[in-house]
1. If I filter the stretch C:163-191 down to residues being without any contact (Cβ under 8 Å) to a residue 24 or more places away in the chain and outside any helix (DSSP H, G or I), which single residue comes out as farthest from B:L157 (Cα to Cα)?
2. Return a yes/no flag: does the stretch A:132-145 have any residue that is within 14 Å of another protein chain (Cβ to nearest Cβ) and in a loop (DSSP other than H, G, I, E, B).
3. Taking into account only those residues within the stretch A:165-184 that are away from chain C (no Cβ under 13 Å) and touching a residue at least 40 places away in the same chain (Cβ under 8 Å), which is surrounded by the most Cβ atoms within 10 Å (Cβ to Cβ)?
4. Taking the stretch A:287-309 as the region of interest, how many residues are aromatic (F, W, Y) and not in a loop (DSSP other than H, G, I, E, B)?
5. Among C:L127, C:L159, C:L145, C:L152, which is among the hydrophobic types (A, V, I, L, M, F, W, C), closer than 18 Å to A:G269 by Cα and in contact (Cβ under 8 Å) with a residue 40 or more places away in the chain?
6. When you go through A:L206, A:L152, A:L162 one by one, which is the residue that is touching a Phe, Trp or Tyr at 6+ places or on another chain (Cβ under 8 Å), within 13 Å of chain C (Cβ to nearest Cβ) and either under 26 Å from C:I36 (Cβ atoms) or buried (at least 18 other Cβ atoms within 10 Å of the Cβ) (or both)?
7. Just checking, which of B:E230, B:E239 is surrounded by fewer than 16 Cβ atoms within 10 Å (Cβ to Cβ), within 30 Å of B:R131 (Cα to Cα) and acidic (D, E)?
8. Please verify whether A:G312 is in a helix (DSSP H, G or I), small (G, A, S), more than 8 Å from chain C (Cβ to nearest Cβ) and closer than 19 Å to A:R219 by Cα, treating the condition exactly as stated.
Amino acid sequence: MLTDSTGAQHSRQRDLASETALRGTPETENILQTVTKREKEQAKGMKGDLVFRYLTTCFAFSILAILALMLYEMTGESMPSIRAFGWKFVSSSDWDAVQGVFGALPYLYGSVVSSVLALLLATPLSIGAALFITEIAPARWGTIIAPLVELLAAIPSVIYGLWGVLVMAPWLQSTVQPFLIEHFGFIPLFQGAPYGVSMLAAIFILMIMVVPIITSITREVLLAVPLSQKEAAIALGATRWETIKMAILPYGKSGILGAAILGLGRAIGETMAVTMVIGNAPNISLSLLSPAYTMPSVIANEFAETTSKLHGSALMEIGLILMVVTLIVNGLARLLIWSVSKSANGGAA
Amino acid sequence: MSNKVHLEEVNIHFGKTHAVRDVSMSFPENSVTAIIGPSGCGKSTLLRSMNRMHDLVPSARVTGKILVDNGDIYGRGVDPVSIRRRVGMVFQKPNPFPAMSIYDNVVAGYKLNGRLPREEANEIVESCLKRVALWDEVKDRLKTNAMTLSGGQQQRLCIARTIAVKPEVILMDEPASALDPISTLKIEELIEELKTRYTIIIVTHNMQQAARVSDYTAFLYMGDLVECGETKKIFTTPEQKRTEDYITGRFG
Amino acid sequence: MHGMAYRKAKNHLMNLVMLACTLAVLIPLGLIFFHILKMGVSSLSLDFFTQIPKPTGEAGGGMANGMLGSLIMIGGASLIGLPIGILGAIYLAEFGGSKVSTVIRFGADVLSGTPSIITGMVAYTLLVVPMKGFSGLAGSVALALIMIPIVLRTTEEQLKMVPGSLREASLALGVPFWRTSLKVTLRSAMSGVLTGILLAVARVSGETAPLLFTALGNQFWSRDISQPMAALPLQIFSFAIAPYEDWHKLAWAGALVLVTVMFVLSLTARFFGRSRHSG
């Protein structure tokens, strides 16, 4: 606050000086003093702005530095594993910490199957719900349901996991899985014993988790559909469903796709809830009833207590794959959503 | 009467646009000079160069000399901040700080730069509000938010805020264009009153206003200074054909 | 062309399908709330807020150390993340050229899309390995990496909404740019910035994965940030997957507390956001 007091003082003095000048009794000393003060103050003011500029620049660029550091560290730490196993890392299913052999195929398989199937279930539900909220339900319902859905997207994944492992999995084990085995057991997807914790549980919990995300983004996309599009369909005598099918869905197509892909990105990276319900067994099994494993889950379970350097490195490589995959998936989603909002804005203008 | 501000071959570019060309003129101390011209002629641009407001626009380039008390404000090592303290500015739309009370707005120039002793602040607030003839209207509600004032009152508050930091020159960028006729009249009376202490440079597109308030007038057209001189002369016997056309309303 | 009756019937059917979708979305979520509320309320006691977990098998105990640890680590993450987020946003809003800003914004988006477990791995290699041990500090850093992009983007948006006339007003009074930025621009945008901060805090307060191999967790009171530290979400996780009924109860109680805290934060954030729009 030192600068401040001199600042105020300085202008007060200057004022004094000009007033004395007005009165016709110039006090040269006073004026001289004012001038040197002014120069000092100038130097300080400019320095402040310069420092501020450098500081904010540094902080802004630190984000890029963090990102670069992340990629550098992940790649560097993965190198021993990459050198040791090469492409076999993603094609082999031997994961043996004692022997020092690591192949990540079961985790890749588990991640892909759980998130893709969860997405296939979640997307239609989300689109239906978003359409209901925006197009069919009275406006007042929408203002209640929409923030509720957004709030749900913010629930921590460990809480979904808690519910999944203590409520959903026992219910699957006692009710759903026996039913599936009895009536659909001839399909390989539903063979085996009812474990409760399983691929099926992971798919369900992921579906429940990504639905709020896809719904709220789809809702935004639908709200961006220009009224003129709907009016054109309604003027042709279309029913509400026909309007949705003819005008709204085609217009929001790529935005909805973007929402779904964003949900996929979230599902692939999801760690806690999946770890708690998937059973954590590195199987590659066609049956959805058997336990499985995913990439984030194996990291969560093993990274804190690795047995060797190579083990840690193999987990790092899984992390690297995870990071690159989510980067691509999220980039794609953003591109799609962005293209929609851009064309919507263009249409409005 | 001495010249307070002096422009020498001032050119202003925005990227590739040449907004102001070779303007040289003087602004006498303790007088009001109006800059008139059709919209887009560069008058606001020229005004803003006189307290270095263009420093914020990366593409803007000001060349030539702008002297205040014979010191070049674009000289090496000159801090734009200290220039702006000597050359204050009132904007087209009243822009009091919305999160501050009337009182705090008047002393904002001090408060934003640090602390100000209470007694001194009280003095400044009272004297500045009195000078802009706002004191009687607001003295009972100094602590209420400044946005509760009418547009005209807000603009007078902005003027009070500007004179509170004791500038030598006040730049006014169409200060009454967003106001109703009665508020405009009050602002014009205020300008008349303020020129005894400050050098005032006002940009206006309203020729009657220029004729009413100013001692000197400069006519700017397409970035060129067409003519400048005593207001009376400009409005009665302009030397240039273009000035006459503009003043008689034949274009613009 | 189908007949009108057919089209109307189809319209009704699809309306029902969409209603069913909405219900299918809301029912599981409603169930989750129902269980958290039912199990949480019945398991919550004063002990929960004052005691640390009892040894395996013993009944009672609480998660007081986890709540304290979470508070400390969120505080640490804010100390690291808020300056970077806010000052970085000032750069983007006030100085950044369009190309540079786009790159930084893209970087922030990449960072916020990265699975949170990855930030934990990075904090592990950067801090846990060199410091030769798990620590609350490493946990704070991992959480800060999650906060930064959220704070950056929301703050930037808010700063851009502040009208330029306010900046000009301040600068024309001879206030230096840096003071104008902090005292006029940032302050005018404060309610929106606060909303972003609250949302970021709400987000990290539930994060578990990044703490697994940074803070690690601690059965006892832990205040030293250079040591392993307990955290509420970590305790919920380890208690939920343990085979003891009593621990499950504690996990439910923890979930209720966590969800309540997050909702309060979100609602406060919304309130701030709204007051800005109306005012």
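No lab work stands behind these numbers, since they all come straight from the coordinates. Given the structure is predicted, the values throughout are model-derived calculations rather than measurements. Cβ: placed from backbone, ideal geometry, glycine included. Neighbour counts: every protein chain shown.
1. C:P176
2. Within the stretch A:132-145, one or more residues are within 14 Å of another protein chain (Cβ to nearest Cβ) and in a loop (DSSP other than H, G, I, E, B).
3. Among residues in the stretch A:165-184 that are away from chain C (no Cβ under 13 Å) and touching a residue at least 40 places away in the same chain (Cβ under 8 Å), the one surrounded by the most Cβ atoms within 10 Å (Cβ to Cβ) is A:Q177.
4. Total satisfying the criteria: 1.
5. Going through C:L127, C:L159, C:L145, C:L152 in turn, just one is among the hydrophobic types (A, V, I, L, M, F, W, C), closer than 18 Å to A:G269 by Cα and in contact (Cβ under 8 Å) with a residue 40 or more places away in the chain: C:L145.
6. A:L162
7. Among B:E230, B:E239, only B:E230 is surrounded by fewer than 16 Cβ atoms within 10 Å (Cβ to Cβ), within 30 Å of B:R131 (Cα to Cα) and acidic (D, E).
8. Answer is no for this residue.
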